[in-house]
Amino acid sequence: MDMPMNRATRTTSLRDASDSSKLEGTGSWDAIEWTKIEPPISRFVSHANLDFLLESELVAAEGNGVVLVNTDDAGTLMVTNFRLIFLSEGTRKVIALGTIPLATIEKFIKPAVKVQSNTRHVDKTPAQRLLQVIGKDMRILVFSFRPRTKQRHVVYDALLRCTKPTRLWDLYAFASGPSRFKNTTPLVRLLDEYFRLLCLGSYRASINIIENGSFTLSNDLWRISSVNSDYTMCQSYPFALVVPKIISDDEVLQASSFRARCRLPVVSWCNPLTGAVVARSSQPLVGLMMNMRSNMDEKLVGALCSKLDNGSRRKLYIVDARPRKNALANGAMGGGSESSSNYFQSEIVFLGIDNIHAMRESFVRLREYMDTHGRTSSDGMSSFLRQGGSTWGGGNLSSMSASVSTLGDSGWLLHVQNVLAGAAWIAARVAMENASVLVHCSDGWDRTSQLVSLANLLLDPYYRTFTGFQALVDKDWLAFGHPFSDRVGMPSVSGTGNVPFELSRQSSTSNFPPSPMRQSSGTFVSQPPASSHSHNSNNYSPIFLQWVDCVSQLLRIYPFAFEFSAAFLVDFVDCMLSCRFGNFLCNSEKERQQFNVFEACGCLWVYLADLRTSSGGSHVHYNPFYDPLKHSGPLLPPAAALAPTLWPQFHLRWACPEEAQAGEIEAQCRKIVMKYAEMQKAKEMAERKAKEVTNSMESLNAELRREKQLNSSAMNMAKSMSKENMAIKRAIQSMGCKVHVSGSSGECIVDIESNPDILCCSSRKESNSNVRDDKKDMSVSVVITAGDDDDGNNAIGRVCETLCPFRFGDGRVCETLCPFRFGDGGCRWPNGGCAQLGSQYVGLKANFDAFDKLSIDDSYFKSE
C-alpha cells in the first residue's frame with residue numbers, strides 16, 4: 001500500500017504565498033493553485049494501459065488533475081462499474097487509499113468550501129470543488145477538483161449511476177460472472193456440516209439427495225428435517241434444520257407459530273460426546289403481560305435437554321441477548337422473553353447487548369475519531385499524531401493520554417467486550433456443565449448470530465481452521481438469514497414490475513462527519529448525502545463487522561489456536577463489503593436461491609483459497625503460530641482476558657498505515673517460516689537427489705555383482721578346461737605325439753604330429769575323409785561335436801571306441817601297445833574311449849563342449 005506523503009514535503013507549487021494571484025487559505029484547508037500543476041494533464045487517460053482493471057470492469061467516468069486531500073497526491077480519479085480508482089499523476093499506479101469499491105462506499109457528498117482571500121474581492125475567489133467519500137471500512141476520503149470545470153459533476157453523476165443500479169444484473173458480481181471462482185452449492189455445504197455435527201461422516205451431500213429429499217438422516221438424539229425445504233414455514237431459515245429426533249414435523253410447524261418470524265428453536269451445534277447443544281431462535285410471542293404460552297414450543301425446547309449419563313435431566317439456559325428493559329419493551333409489540341416457570345429446569349439470563357442502532361452510532365464515532373487523529377486525515381491538516389504525539393503502539397491505548405477518553409466515548413470496544421463475554425459464558429456452560437443453551441434476541445438474526453457463532457468457535461476447534469470458518473459463516477450467518485443487504489448496506493431485492501429487482505443501498509443516518517468543519521474560517525456549503533437513496537437506511541448496522549472484530553480479539557488472545565491470521569480476516573471483510581462475489585448478496589438463503597446468485601456469481605471462498613494456493617504455506621493468510629495440538633479442545637477465556645483493543649490491521653490501516661502492519665514478533669516469525677519453507681524445499685530437493693544417487697549406486701553395485709559372478713563362472717570354467725586340456729595333452733603325448741593347441745571362435749584346435757613309423761589317417765565326422773599319402777609326416781584333422789546320436793548314446797564315447805588305435809579288427813585291445821595301461825593290466829583311463837582309423841594318425845580338432853563331456857579318471861594323474 002502506498003504510504004501517505006509527509007505534510008512537510010508538500011509541493012511548493014501548490015502553496016506559493018508570494019504570488020498574489022494564488023489562493024490563500026486562512027483556515028485548515030490548504031489553498032491549491034491549480035494553474036501551477038506541472039506538467040499539464042491531458043483530459044483523458046490513455047485506455048491502452050489499464051492493466052489494473054479486473055475482468056469485466058469498465059470505466060464509466062474519469063476526472064483529471066484531481067488531488068487526494070488526505071495525502072496531497074495529484075492524479076486521475078476514475079469511476080468503473082466496480083470501483084472508484086485513484087491513479088497517481090506521474091507513475092499511473094493505483095493509490096490504495098484513494099481506491100475503494102463502490103459497494104464499500106457508505107455515502108458520498110460534494111461540498112464546496114469558500115476560502116477567504118486577503119484581497120478585497122472575496123466573492124471572486126473560486127470555491128474548492130470537493131467530493132467526500134465515506135467508506136464502511138473506516139475511510140473518509142476527500143478529493144479536490146479543478147475549479148470552473150465539470151469534472152466533479154461528471155464523477156458524481158457516474159457514482160450515482162453505478163452505486164445504485166436499477167437492475168440486479170447490473171451489479172459487478174453478475175457482470176463478471178463466476179469466472180474461475182466458480183461457486184459450489186451452499187445447500188450441499190450446509191448438509192455436509194450437518195452430517196459432521198451428527199457424526200454421519202460416511203455420508204456425502206449432493207444435489208441429487210437434496211432434490212429427492214433423502215437427506216433426512218438422524219442419530220440417536222437429533223435428526224435433519226425437511227419441513228422448511230420450500231421455505232414456506234420460515235422464509236429466513238435454511239431449507240434443512242436439525243431438531244430433536246422425538247419431535248415430528250407437524251409439531252415443528254405448530255411450535256414455529258409461537259416465535260417471531262416463525263424462527264423456532266433449532267440446533268446450531270451439538271457435542272457428540274455429551275449431548276449438549278447450542279440452539280438458536282427468535283423471541284417468543286408472549287405479549288405485553290408475558291402470559292402467553294405454547295405447549296408445543298415448551299415441548300420442543302424441553303427436547304433440547306437430553307438426559308445425562310447418570311439419568312438426571314440436563315440443565316437448560318435460555319440466553320436473551322438483549323437488556324432486560326428492551327425485552328419488556330418488546331412485549332408491548334407482542335414479543336418478550338420466556339418465563340423459567342414454563343420451561344422445566346431452565347434459567348433465563350439477559351446479556352444486555354445493545355441493538356443495531358447503538359452499534360451503528362458507535363461505529364460512526366469510532367470512524368470519525370480515527371479520521372481526526374490519523375496521519376491521513378480527510379481535513380488535510382496536522383492531527384494529534386502528526387504534531388509529535390505518541391504512536392498507537394499496536395493497541396496500547398494508554399500512550400494516547402487525553403485522547404483515550406475520546407476513543408472511549410465511541411463505545412465500540414465496550415460493545416465488542418460485551419459480545420465476547422456473552423459468547424464465552426455460553427461456551428463455558430456447555431463445556432463445563434454439559435448444559436444446553438438456547439440463544440435469541442428479538443428476531444434472532446443479529447445478536448443471536450454473533451453469540452452462537454462465537455460460542456461455536458470457542459467450543460469446536462474445527463471452526464478455527466479455514467474450512468471450518470467457512471462452514472461456520474455459511475451456517476450461522478448465511479443459512480440462518482442474517483440480512484446482509486440491510487445490515488451491510490448492500491443492494492437489496494424489493495419491488496416488482498417491469499424492472500425485476502429494484503436495488504437500494506443502506507447507510508447510516510448520522511450527519512456528515514465534522515472533518516471539513518474543523519476549520520477556523522471559510523464557508524462550507526454542502527449538499528445532502530447522495531449514496532443511500534434508501535427507504536430503510538435505519539436498518540444499516542455493522543453487526544457482521546463487529547463479529548469479525550471479536551474473532552480478531554480471540555486470535556490475539558489465543559495466537560496458537562487459529563489456522564488463519566488477522567490478514568485473512570481483513571481480506572475476508574474487504575471481499576464481503578466490496579460485493580465482488582455473490583456469497584453475501586440478498587437477505588436470506590431463499591432470496592439467493594430464487595435469483596440463482598450462486599451460479600451467476602463468483603465465490604468468495606474459492607477466491608481466498610486461490611490466493612493461498614498461489615503462495616503456498618508462506619501466504620499471509622496463514623497464521624505462523626498455529627499449533628492444532630496446543631488447543632485441541634474448547635477455548636474458555638477468563639473475563640480478564642476479554643478486554644479488547646483496537647484491531648490495528650483494520651481500524652488503523654488507513655488512518656495510521658505504519659501502525660497497521662503486523663507486529664514485530666509476527667513479522668519475524670513469518671520471515672522465519674518463509675526461510676524454513678525455502679530450506680524445507682531445498683532439503684527435499686537434496687533428498688531427492690541423494691535418493692537418485694543411492695538408486696544409481698545400488699544399480700551399479702548390482703551390475704558389478706553380476707559381472708563378478710560372470711567372471712567367477714568364467715574363471716572356474718577356464719580352470720576346468722585347462723585341467724582337461726592338460727589331461728588330453730599328456731594322454732596324447734604319452735602316445736609319442738607332439739601336441740600344438742590353439743583357440744579360435746570358441747573352439748580349441750589341437751594339432752598332433754604323429755610318429756613317422758605309425759600310419760596316419762585323416763577323418764572328419766561331419767564331412768568326407770581327406771587322406772594324404774605321406775609316409776614321414778601324415779596328419780588327420782577330426783572335428784568332434786558334443787551331443788548324442790540318434791540312439792541316445794554318447795557320440796564322443798562311441799567315436800573313441802571306434803577309432804581306438806590299439807584295438808584289433810575283432811574288437812580286442814592290444815594291451816601291450818596301449819599307453820594307458822599299467823603293468824598289471826589295469827587301465828589308467830578306464831572311462832575313456834579310443835579311435836582307430838586305418839593305420840594313420842592325424843590331428844584332433846574338438847570344441848570345448850565336447851571335451852567337457854570327456855570323463856578322465858583322476859587316478860591317471862597320480863604317479864606310478
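Below, the figures for the structure above:
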read-out: Linear extension gain, residue 682 paired with residue 184, 0.36 nm per residue minus alpha-carbon span; value: 175.6 nm
read-out: Under 5 Å, built H, 5+ apart or other chain: amide partners of residue 336; value: 286, 331
read-out: Rounded if a/c under 1.5, otherwise prolate or oblate - region 663-727, Cα gyration tensor axes; value: prolate
read-out: Cα-based shape type of region 562-714, given that a ≥ b ≥ c are square roots of the gyration tensor eigenvalues and the cut on a/c is 1.5; value: prolate
read-out: Theoretical FRET efficiency, 1/(1+(r/R0)^6), r = Cβ-Cβ of residue 53 and residue 409, R0 35 Å, to 0.05; value: 0.25
read-out: Region 557-688, relative contact order [Cα under 8 Å, separation at least 6], %; value: 30 percent
read-out: Table column - 3J(HN,Hα) (Hz), region 163-169, Karplus curve with 6.51, -1.76, 1.60, x for Gly and Pro; value: 7, 9, x, 7, 10, 4, 6
read-out: Too-long pairs where the Cα-Cα distance tops 28 Å, listed order kept, from 630/689; 315/590; 182/630; 110/164; 475/671; 671/691; value: 630/689; 315/590; 182/630; 475/671; 671/691
read-out: Three-way shape label, region 193-292, alpha-carbon gyration tensor, a/c 1.5; value: oblate
read-out: In sequence order, calculated HN-Hα J values of region 717-731 (Karplus, 6.51, -1.76, 1.60; Hz; x Gly/Pro); value: 5, 5, 4, 5, 5, 4, 5, 6, 4, 5, 5, 5, 4, 5, 5
read-out: Potential lengthening between residue 333 and residue 703 on full extension [0.36 nm per residue; Cα-Cα distance subtracted]; value: 123.9 nm
read-out: At R0 = 45 Å, FRET efficiency that the Cβ-Cβ distance of residue 309 and residue 206 yields, to 0.05; value: 0.80
read-out: Other-chain or far-sequence residues with amide H under 5 Å of residue 268's (modelled H); value: 278, 279, 280
read-out: Placed amide H near residue 107: partners under 5 Å, 5+ positions off or other chain; value: 134
read-out: Stretch gain in nm, segment residue 671-residue 417, where the contour uses 0.36 nm per residue and the Cα spacing is subtracted; value: 88.2 nm
read-out: In nm, spacing of pseudo-spin labels at residue 734 and residue 640 (7 Å Cα→C-beta vector); value: 11.2 nm
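Here, each number is a calculation from the coordinates, and none is a lab measurement. Being a predicted model, the structure only gives us computed values, none of them experimental. Methodologically, a virtual Cβ is constructed for each residue, glycine included, from the backbone with ideal geometry; neighbour enumeration extends over all protein chains shown.
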